[in-house]
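Beneath this line is the structure, given in structure tokens, with notes to follow.
The values are calculated or read from the model by the stated rules, or taken from the named source; none is laboratory data. Predicted model, so just to flag it, every value in this text is computed and none were measured. For neighbour counting, all protein chains shown are included, and Cβ atoms are generated from backbone atoms with ideal geometry for every residue, glycine included.
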Amino acid sequence: MEFVGQRKAMATEPVRGYVPCHYCGHCMAGCEVDAKYTSANTPIPLALKTGNLTVFTESTMTRILMKDAQHIQGIEYTKADGGVDAIHCRALVPACSAVETARQLLINRSSDHPNGLANSSGQVGRNLTSHFGLTVIGLFPQIRNRDYSNDDGTDYYHGLLTGLYWDKPNPNFEGTYQVQCGSGVHPLSLAVRNVPGFGAQFKQQLRDVNITHAAMGMQGSLFQSPKKFVDLDPERHDRYGAPLPRVHLHYEANDIAMAQDMVATSEEIIRAAGGTVYSSPGTVSAAKLVIDSNHWVGTTRMGRDAKTSVVNRDGQCHDVPNLFIGDASIFPAYPEKNPTLTNIALSWRTAERLAEKLRAGELA
Ligand SMILES: Cc1cc2nc3c(=O)[nH]c(=O)nc-3n(C[C@H](O)[C@H](O)[C@H](O)COP(=O)(O)OP(=O)(O)OC[C@H]3O[C@@H](n4cnc5c(N)ncnc54)[C@H](O)[C@@H]3O)c2cc1C
Ligand code: SF4
């Protein structure tokens, strides 16, 4: 098992006009000096400075316009005041997130694309996956009388047990999981939420539970299968009249088997470290699993074969050459890792390949 400190993507020296981190420890509440990477505060301001980026805020893409069966002409969008306008383009890169990008392709069906845009493979909306998890909490009475520390400002999850079973697969299930290890006393996130009462009893509880606890937050790769997908709701529509998406999710035997191992392993780690298990899901059932609905990927998957995938390795749709997908929906597989860095790496590569193709005159 490998244990690593959690990485936070903060600059340790001045980069492109951004000041470096001064280690105040408040990253999770937002960085006052923008030393911590975020899309909104790091690449977008840099791109705006080039003069090549225009941001249309409070605008929603409502339709994709076609020049002919194989080429995008642009988009139609609705502005905050309700007005409708259009933008024409040489290439379009939707990056609306895994559920919404699939919906956009599915609602833009036509006689040339009867199953939805770029969906001759039938894979748009399929292969949906995310992460699911459970939490086990242990108490370590030997540190009960330690001095109270002010942990406001540090992140709760300090360390990570990475990729269990990546090197030696478990015979009972496919896939990997990780364990985020949290501890410390964070007035806002722990005491108020988990400890009842006030006065002396409240302080006692803080010592008994909060100071001595460690949480094992487990995150596993949800098994990809035909039972997990996005399609269009035949009844419910958005304010522009287009069908809303439906997310179909079923926990399967693989997910339950992985979850059982998660719980048993975390309990074993706590006991081996001299602690006692304070709270645990115990025997796992589908009802106890928690899906991470922020981590959806996979609905326009990448692949070499146009019959079994939606985009190629450049993020370019097999069916529509000037349509690229720039978000997490193109992931062809999904281990237990958080998605953002892979998402950024893939969209970076797509941007480079798109620029090369435009320079070479390959796109309309
Ligand atoms: C609370 C929370 C915590 C998270 N924590 C982590 C973490 O610690 N680590 C990690 O790796 N990941 C984390 N994630 C997941 C990560 O943020 C997502 O995986 C990632 O943002 C997905 O990127 P995306 O480009 O696919 O979609 P998004 O980032 O969702 O971007 C889609 C954009 O498209 C816009 N859009 C959608 N439809 C339209 C339309 N029709 N017209 C115009 N615009 C449209 C949306 O407004 C949005 O701005 C977290 C997510 C959340 C919500
Ligand atoms: S919030 Fe503080 S610790 Fe975090 S990146 Fe910004 S300066 Fe550094």
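Below is a table of values for the structure above.
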{"read-out": "Pair list, Cβ < 6 Å and 6+ apart or interchain, from segment 59-77 residues that are within 13 Å of LEU117 (Cβ to Cβ) to residues that are polar (S, T, N, Q) and in a loop (DSSP other than H, G, I, E, B)", "value": "ILE64/ASN108; HIS71/ASN322; ILE72/ASN322"}
{"read-out": "Residue within segment 260-275 that is within 18 Å of the chain's Cα centre (by Cα) and modelled with pLDDT of 95 or more present", "value": "no"}
{"read-out": "Positions within segment 354-364 being in a helix (DSSP H, G or I) and buried (at least 16 other Cβ atoms within 10 Å of the Cβ), in sequence order", "value": "LEU354, LYS357"}
{"read-out": "Residues (under 24 Å from CYS96 (Cα atoms) and touching a helix residue (DSSP H, G or I) at 6+ places or on another chain (Cβ under 9 Å)) located in segment 20-37", "value": "LYS36, TYR37"}
{"read-out": "From the options GLY241, GLY197, residue that is in a loop (DSSP other than H, G, I, E, B), at pLDDT 95 or above and small (Gly, Ala, Ser)", "value": "GLY241"}
{"read-out": "Residue in segment 292-307 that is closer than 16 Å to GLY116 by Cα, out of contact with any Phe, Trp or Tyr (no Cβ under 8 Å at 6 or more places or on another chain), more than 14 Å from ligand 1 (Cβ to nearest atom) and part of a loop (DSSP other than H, G, I, E, B) present", "value": "yes"}
{"read-out": "Criterion (of a type in the set (D, E, K, R) and within 16 Å of ligand 2 (Cβ to nearest atom)) met by exactly one of GLU76, GLU32, GLU58", "value": "GLU32"}
